[in-house]
Amino acid sequence: MILVRPLQKRVDELKSDYQLLKIECEKREGQQAQRIDKLETLLLLHGPAQLRTHLEAALKGEAA
């Protein structure tokens, strides 16, 4: 009985941490999908010749 409470508390903490990490991963996946869509649009609009310039500009904008 003495060991059960601390273990149950730890299990609850791990479940909570898991849920938070899951939400964060889903958020990042959404952001990555948006980035891919932007890159595909740039490729279709400008072709591969100008893509590097636009990619660099987009990456500089994300870093800021």
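The values are calculated or read from the model by the stated rules, or taken from the named source; none is laboratory data. Just so it is clear, the structure is predicted and the values come from calculations on it, not from any experiment. Remember, those area values only see protein heavy atoms, side chains included, never the ligands or the DNA or RNA. Shrake-Rupley method; radii C 1.70, N 1.55, O 1.52, S 1.80 Å.
Do we find a residue being over 23 Å from the mean Cα position of the chain (by Cα), part of a helix (DSSP H, G or I) and within 22 Å of ALA57 (Cα to Cα) anywhere in the stretch 27-39?
There is no residue in the stretch 27-39 that is over 23 Å from the mean Cα position of the chain (by Cα), part of a helix (DSSP H, G or I) and within 22 Å of ALA57 (Cα to Cα).
So that you can scan it fast, the table gives a plain yes or no per residue for (1) open to solvent by 100 Å² or more (accessible area, probe 1.4 Å); (2) of a type in the set (A, V, I, L, M):
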position	(1), (2)
LYS15	yes, no
LEU21	yes, yes
GLY47	no, no
GLU56	no, no
LYS60	yes, no
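Of all residues being open to solvent by less than 100 Å² (accessible area, probe 1.4 Å) and not polar (S, T, N, Q) in the stretch 1-13, which is modelled with the lowest pLDDT? Just the residue, please.
Residue satisfying both the conditions and the ranking: VAL4.
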